[in-house]
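Quick notes on the structure that follows.
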Amino acid sequence: MKLLSLLIFAAGFQSILFGLYLLFFGFKKKKANLYLGIFMVQIGVDLVFSFFQLEKILYEYRIVFYIPIYLVTLPTTAISFYFIEIINPKAISTKIRFMIWSIPILEFVLMLTILFQYVIYDDDLWLNTKFYWVKFIYFVGVQGINLILGFVIIFSTYFLLKRKSDYFKNNNLWSGDAIKSIHWLQLFLIGYFIFHLSWSILVSFDVMKIGGFNFYDNVVPYVYTFAALLTYWISFKSIQIPKIVASPWTTFEAPNQRKTILEAIQEKEKPVLITNADSMILYANQKLMDTVKYTFRELENNVVSTIVYDEDENNIINLNLLAYKNNSMKSEFIIKEKNGSEYLSEVEAFITNNKQGATTSFIFYFSNFKLLSTPENTLSEYQKLLQTKIEKLLLEQKIYKDPNLSLASFSSLLDISTRYTSMIVKALFNKNFRDLINESRVKEVKEMLESPEYKNYSLLSIGLEAGFNSKSAFHSVFKKHTGLTPLKYQSQKTR
């Protein structure tokens with residue numbers, strides 16, 4: 001029993017530390033980390049408190065157990081929003097969000113009431129045999145709501161995961177990241193369900209005194225040991241918070257959706273590459289070799305990353321997940337030439353299977369090559385054209401003034417994919433798309449502050465006019481790019 005207690009304490013302490021890390025650092029990368037951090041801290045506090053109770057530590061200072069730093073409904077609430085943020089942030093309305101968050105708030109108020117009762121009347125609610133109304137509300141209300149909320153979250157999340165999974169399958173959008181994320185979430189959900197069910201039975205038995213007075217103390221260590229192991233596992237897996245993403249592959253209508261290796265070899269109109277299921281190069285026609293400047297001896301039995309980047313190699317591996325459909329796919333790859341030049345190419349992919357349905361090879365057709373860079377690191381004509389187009393959109397049309405401007409809408413104006421837009425912006429301006437747009441907005445604000453035309457405009461009006469969609473976004477972005485708040489910047493300019 002001592003060993004179990006120590007495991008529970010160690011897991012609780014680790015869970016608190018990891019949760020605090022997510023709260024103070026992790027949430028900057030992903031909002032879901034904030035909810036996971038709250039969950040981990042609260043589970044950690046519960047495990048530490050359970051250790052104190054099992055070992056009868058601090059029993060002479062019973063007031064410690066009444067301080068409302070652990071709320072039974074808060075982990076359930078936090079984990080529900082974690083799942084929502086990972087799967088579909090728009091799944092619930094603001095009104096429902098407020099209603100769910102009001103549950104732990106009400107519990108906090110109730111716990112404060114219990115604490116005051118203990119301080120004022122020196123009456124230990126949990127050890128007293130009298131059935132106070134507060135105790136009744138806590139067990140029946142708080143614990144009951146927590147149990148119901150937990151099961152609602154478990155089953156609703158299951159259907160959300162299933163819906164997301166079906167969407168990917170039906171639209172051929174499977175990717176390795178999506179598979180891993182959904183699998184991880186499902187395992188997490190199963191573990192949480194087991195713990196929640198065990199805890200529900202334990203609380204019910206304790207309230208109704210089923211199994212005798214010692215039942216709770218005898219079973220609690222095992223339930224919390226499982227919770228401890230669960231927190232260890234969550235902590236380990238959450239180092240890389242799952243993100244459900246779609247593959248870049250999309251289906252397209254082709255006259256012949258089934259291609260054989262023989263047909264591909266006979267194809268002479270387009271550059272052709274054939275790999276096995278492990279992405280090893282089996283064949284490349286002369287058209288492709290003329291483009292990449294490799295001989296077939298240099299390509300044969302080599303990894304496909306010889307001519308494509310690792311990211312695209314992963315996208316090839318993702319095709320395994322679509323093999324059962326026997327569909328044709330298309331995407332974009334960056335092709336590496338032997339001398340160091342890079343090309344953006346449209347790719348059509350076909351999958352060949354054996355009689356058992358297993359993938360045996362991938363056939364790729366490349367077309368519409370666009371030169372991205374040369375070994376001398378000079379801009380290609382295509383890149384120069386895009387640079388001119390981007391500068392015109394920003395300087396003349398001032399599209400950054402649209403608060404709803406997104407990477408997708410910006411890409412459609414350039415008539416290129418979002419992936420290539422991100423790459424070209426980084427290559428041409430040495431910054432990401434969001435920073436490029438925000439920098440243009442900040443520059444616009446500066447010009448407006450110095451213009452007599454906007455003399456009677458408020459700072460917020462100027463920020464909104466420049467394309468920012470909220471006061472908070474305006475202030476944070478402006479300070480990031482200038483080191484000053486808009487008000488401070490304005491006051492310095494008017495001196």
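The values are calculated or read from the model by the stated rules, or taken from the named source; none is laboratory data. No experiment lies behind these values; they were computed from the predicted model shown. Neighbour counts are summed over all protein chains in view; Cβ atoms, including those assigned to glycine, are modelled from backbone coordinates with ideal geometry. Remember, those area values only see protein heavy atoms, side chains included, never the ligands or the DNA or RNA. Shrake-Rupley method; radii C 1.70, N 1.55, O 1.52, S 1.80 Å.
Select from the range 466-495 the residues that are of a type in the set (A, V, I, L, M, F, W, C) and outside any helix (DSSP H, G or I) and write down the one among them that is most open to solvent (accessible area, probe 1.4 Å).
L484
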Check: If V425 satisfies every condition in (1) without any contact (Cβ under 8 Å) to a residue 12 or more places away in the chain; (2) farther than 19 Å from K488 by Cα but one, which is the exception?
Finding: (1)
Note to self: Could you list, ordered by first residue, the pairs with Cβ atoms under 9 Å in which the first is in the range 446-467 and at positive phi and the second is open to solvent by 70 Å² or more (accessible area, probe 1.4 Å) and part of a helix (DSSP H, G or I), at least 6 apart or interchain?
What the structure shows: none
Notebook entry, point to check: In the range 72-82, is there at least one residue being at pLDDT below 80 and either open to solvent by less than 60 Å² (accessible area, probe 1.4 Å) or touching an Asp or Glu at 6+ places or on another chain (Cβ under 8 Å) (or both)?
Noted result: yes
Note to self: Quick check on this structure: which one of T374, T421 is within 15 Å of E342 (Cβ to Cβ) and touching a Ser or Thr at 6+ places or on another chain (Cβ under 6 Å)?
What the structure shows: T374
Check: If you go through the range 50-60 one residue at a time, do you hit one that is under 30 Å from F155 (Cβ atoms) and at pLDDT 80 or above?
Finding: no
Note to self: under 23 Å from K488 (Cα atoms) and not aromatic (F, W, Y): is that true of L460 in this structure?
What the structure shows: yes
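Out of the range 327-349, which residues are more than 24 Å from V425 (Cβ to Cβ) and either modelled with pLDDT of 85 or more or out of contact with any strand residue (DSSP E or B) (no Cβ under 7 Å at 6 or more places or on another chain) (or both)?
K338, N339, E348, A349
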Next item on the list: Of the numbered conditions (1) closer than 30 Å to E337 by Cα; (2) open to solvent by less than 10 Å² (accessible area, probe 1.4 Å), M448 fails exactly one; give the number of that condition.
Entry: (1)
Next item on the list: Provide a single number: the residues in the range 173-209 that are over 14 Å from I86 (Cα atoms), at pLDDT below 70 and surrounded by 17 or more Cβ atoms within 10 Å (Cβ to Cβ).
Entry: 5
Margin query: Looking at the range 388-416, I want the residues that are basic (K, R) and have a partner that is open to solvent by 80 Å² or more (accessible area, probe 1.4 Å) and assigned to a helix (DSSP H, G or I) with Cβ atoms under 7 Å, at least 6 apart or on another chain. Which pairs are those?
Written below: none
Next item on the list: Look through T418, T388 and report the one residue that is within 25 Å of F333 (Cα to Cα) and open to solvent by 80 Å² or more (accessible area, probe 1.4 Å).
Entry: T388
Item checked: Cβ-Cβ under 7 Å pairs, at least 6 apart or on other chains, the range 339-357 side closer than 24 Å to T295 by Cβ and open to solvent by 50 Å² or more (accessible area, probe 1.4 Å), far side of a type in the set (K, R) and not in a strand (DSSP E or B) -> N339/K293
